[in-house]
1. Out of the residues in region 203-225 that are more than 11 Å from the chain's Cα centre (by Cα) and closer than 18 Å to Leu163 by Cβ, state the one that is surrounded by the most Cβ atoms within 10 Å (Cβ to Cβ).
2. Among the residues of region 170-184, are any touching a Lys or Arg at 6+ places or on another chain (Cβ under 6 Å), over 19 Å from His89 (Cα atoms) and either buried (at least 17 other Cβ atoms within 10 Å of the Cβ) or of a type in the set (Asp, Glu) (or both)?
3. How many residues, within region 45-84, are part of a loop (DSSP other than H, G, I, E, B), more than 23 Å from the chain's Cα centre (by Cα) and touching a residue at least 60 places away in the same chain (Cβ under 8 Å)?
4. Is it fair to say Lys232 is at pLDDT 85 or above, out of contact with any Cys (no Cβ under 8 Å at 6 or more places or on another chain), over 25 Å from Phe160 (Cβ atoms) and of a type outside the set (Gly, Ala, Ser)?
5. Quick check on region 188-195. Is at least one of its residues in a helix (DSSP H, G or I) and within 20 Å of the chain's Cα centre (by Cα)?
6. Residue pairs, Cβ under 6 Å, 6 or more apart or interchain, first in region 171-195 and closer than 25 Å to Ile52 by Cα and of a type in the set (Gly, Ala, Ser), second at pLDDT 85 or above and part of a helix (DSSP H, G or I). List them.
7. Give me the residue from region 246-295 that is exposed (fewer than 12 other Cβ atoms within 10 Å of the Cβ) and among the aliphatic types (A, V, I, L, M) and, out of that set, modelled with the highest pLDDT.
Amino acid sequence: MQRTSFHEQISRNKFKSIVLLIAIVIVFVVLGYFIGKIVGPDYFTIIMIISIIISVFYVWFGYYNSHKIALASVNAKPASENEYRQYHHSVEGLSIASGLPKPKLYVMEDNNINAFASGRDPKNAVICVTTGALKKLDKHELEGVLSHEMSHIADYDIRFMTLTAVLVGMISIISQIFLRSLFFSNRGRGKSNALFFLIGIVLAILAPIVVSLVQLAISRKREYTADASAVKFTRSSTGLINALKKIKKEHITLEDRQINKAVAPLFISDPFKRFHGFFQTHPPLEKRIEILERM
């Protein structure tokens with residue numbers, strides 16, 4: 001088996017995340033070019049202003065309140081230091097190892113093993129674990145899961161995904177405004193040839209789908225990065241590997257259905273296990289385990 005260093009894995013996945021983000025920017029520029037050609041620069045400027053205001057305001061609110069929204073959606077409670085002593089001790093040790101401030105700790109009622117981190121920066125970060133994780137994982141496995149979540153905080157993943165969400169939101173809004181405007185006017189038909197008009201419509205339909213798939217790919221790359229960074233913090237992959245193996249063996253229980261699907265991408269593993277391939281928010285557990293075993 002060919003060995004892989006966690007430094008190499010982290011660098012590779014961060015680079016791929018940047019490349020994917022650039023791909024979204026390229027789609028945005030190309031879409032804007034064709035729509036601008038069809039409707040004219042003045043009308044396109046109005047579309048741009050509206051889309052920027054809507055998407056930035058929507059994401060700004062989520063950016064500063066993401067941790068509150070996530071915690072409220074799963075009915076999480078603050079983790080008492082007396083009741084969850086090992087939980088607190090593990091995070092304190094990881095905070096020292098990573099050089100990060102200790103995040104606020106929460107617990108949510110769920111028999112399955114899972115956890116998530118949220119917050120716009122390390123000073124405003126939170127970690128939430130399920131009661132199932134605290135019951136079923138031993139000390140090293142819990143540290144593996146917590147180090148994965150600490151990695152998301154250290155890498156400012158919420159900030160990175162927020163930037164991605166702004167771009168994806170703008171593309172979706174621009175496409176919707178453009179397509180809807182075609183039903184109410186003949187704007188652009190006399191100002192551009194039929195080829196530009198056809199390309200513009202096709203792009204407006206496909207661009208939101210394409211960038212959403214790219215956004216999911218970025219999410220999967222950030223999970224790989226967090227796995228590798230977890231090994232960097234703990235200097236061992238064993239705990240996280242064993243935790244992921246336990247998650248893989250679990251069956252979905254009724255508690256999962258009460259998790260808001262909007263916050264599912266935050267978890268260390270998709271709590272619904274709904275999608276496959278390009279539609280996954282997380283990489284396959286088998287692939288994550290395989291990569292970790294090579295470290």
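1. First pass over region 203-225, keeping only residues more than 11 Å from the chain's Cα centre (by Cα): 203-214, 224-225.
Among the residues that remain, those that are also closer than 18 Å to Leu163 by Cβ are: 207-208, 210-214, 225.
Values: Ala207: 23, Pro208: 20, Val210: 16, Val211: 26, Ser212: 16, Leu213: 14, Val214: 21, Thr225: 23.
Applying the filter and picking the extreme gives Val211.
2. No; the residues of region 170-184 include none that is touching a Lys or Arg at 6+ places or on another chain (Cβ under 6 Å), over 19 Å from His89 (Cα atoms) and either buried (at least 17 other Cβ atoms within 10 Å of the Cβ) or of a type in the set (Asp, Glu) (or both).
3. Taking region 45-84 as the starting set, the residues that turn out to be part of a loop (DSSP other than H, G, I, E, B) are 74-76, 79-84.
Still in the list and also more than 23 Å from the chain's Cα centre (by Cα): 79-84.
Then drop every residue that is not touching a residue at least 60 places away in the same chain (Cβ under 8 Å), which leaves none.
Residues that pass the stated criteria total 0.
4. Numbers: at pLDDT 85 or above: yes; out of contact with any Cys (no Cβ under 8 Å at 6 or more places or on another chain): yes; over 25 Å from Phe160 (Cβ atoms): no; of a type outside the set (Gly, Ala, Ser): yes.
For Lys232, the condition - at pLDDT 85 or above, out of contact with any Cys (no Cβ under 8 Å at 6 or more places or on another chain), over 25 Å from Phe160 (Cβ atoms) and of a type outside the set (Gly, Ala, Ser) - is not met.
5. Going residue by residue through region 188-195, those that are in a helix (DSSP H, G or I) are 194-195.
Narrowing further to those that are within 20 Å of the chain's Cα centre (by Cα): none.
Within region 188-195, none of the residues are in a helix (DSSP H, G or I) and within 20 Å of the chain's Cα centre (by Cα).
6. Cβ pairs passing all conditions: Ser172/Pro208; Ser175/Ala204; Ser175/Ala207; Ser175/Pro208.
7. It comes out as Ala262.
The values are calculated or read from the model by the stated rules, or taken from the named source; none is laboratory data. Fair warning: this is a prediction, and the values are worked out from it, not measured in the lab. When we count neighbours, we look across all protein chains shown, and the Cβ atoms used for this are built from the backbone with ideal geometry, even at glycine.
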